1. At 222 nm, what value in deg cm²/dmol follows for the chain if DSSP H runs of at least 4 each add -39500 (n - 2.57) and the sum is divided by all its residues, to the nearest 500?
2. Cα convex hull of region 127-202: how many Å³ per residue?
3. Which value, to two decimals, describes the C-alpha radius of gyration of region 234-327 once divided by 2.2 N^0.38 Å?
4. Determine, at each q value in 0.16, 0.19, 0.24 (inverse angstroms), the log₁₀ of I(q)/I(0) that the Debye formula gives when each Cα of region 40-116 is one equal point scatterer.
5. So in the chain, what percent of DSSP beta bridges are antiparallel if you round to the nearest 5?
6. Can you tell me the 0 to 90 degree angle between the C-alpha axis of helix 309-321 and the longest principal axis of the chain, rounded to 10?
7. Quick check: Cα centre of region 420-435 to Cα centre of region 5-53, how many Å?
8. Write down the Å³ per residue value for the convex hull defined by the alpha carbon atoms of region 1-94.
């Protein structure tokens, strides 16, 4: 890939940068061989800008740069961008300690691009008062930092005073065609362009949201450029901006690398017609009621319940945008571990302060939990209450995660579940959340002498319906 020389930075940089944030990892926190190969191939194919951070990938992202790039290639042949986690710094001593850890992890004596990480108004006020600018001056004078900038998640009126406060070399903004107006990306970009401060673009594909679109949007793009990937449109949008020096992409596999490289071989800026098409795509996407999450993971870092917020939002957005209602509950319970689900949220609000998109995370999780319950238990609670008499037994067939979620909902609505029924023998005779579990044979015996209402609380609905029919029992509601 051809480098482009930037006069303000006085450097020749690859227009595509590699974001380490989304490299694949093993469950034990190590990297698979394909992660090392991916970074090495990116370098060999001409990428010379690699973006990492102190907190990325459980603190391991800096190490893989050392192991893959620093160890094997001339240091002057590539540039490292790293970030100071300002929310972890109480004073300059903390800044120094973290910086030294970063140098050690990277195995370098200097960092080419050093950023204050994830600035917004309150975070800027806090870190400014702790002497961060003096710290940056010190490192700049020592030569251990070559160029200074910040990543930013706020509005243009907040950006201006930050730019006034220091002699910044560059700034990093979240820019993609969907957020261009909705997240005031356009206003922030124009502030930098007016001041002639180079812009590094992050989240050009919106954390992957713009790599796969609803059918109407995809058909619109394919009708214009049938051979191009959906993601390439997002990359081209960002790369077409004159003051966008490097477009970062958090690549996690080789197919993404090859596709992104093809956009710059050579780059074909968007035509006016294509810009108009992307505005139509944005209108289509805006019509879907999704959560505006880029899946960056900042919200999870200090969550006391370790709720897997990005994964939950991803499953919900897929459900809304691709209308896969029938699969939402199954995917949710398959991909989100029980202890990390929305139902575990305690609404502490820590995640809200961490979210660059300013999402009211607890409220959205509560909404999603409600959607899940509605999908799982598609019944009228009040009608159920009317059917339940003193002589009725309410039985949930399915004692897994779905069953326990339904149990919680029914209890909140004042409905008592008398038994769980399940095909898993090890559950029979035990209690789940205080409810006895019985076998299908016991359920049949009970149905002969008592009035039973059976709710199917499992993703295997059709199989259980057939089983109940064979037992001579009709599923309730």
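Rule-based calculations on the coordinates, nothing more; no lab input. What you see is a predicted model; the values in this text were computed from it and never measured. For neighbour counting, all protein chains shown are included, and Cβ atoms are generated from backbone atoms with ideal geometry for every residue, glycine included.
1. -12500 deg cm²/dmol
2. On the way: hull volume 6.7 nm³, N = 76.
With only Cα atoms used, region 127-202 gives 89 Å³ per residue.
3. Here the Cα radius of gyration is 1.35 times the empirical estimate.
4. Treating every Cα as an identical point scatterer, log10 I(q)/I(0) equals -0.55, -0.75, -1.14.
5. 15
6. With rounding to tens, the tilt is 80 degrees.
7. Region 420-435 and region 5-53 have Cα centres separated by 50 Å.
8. Details: hull volume 12.1 nm³, N = 94.
Once divided by residue count, the hull of region 1-94 is 129 Å³.
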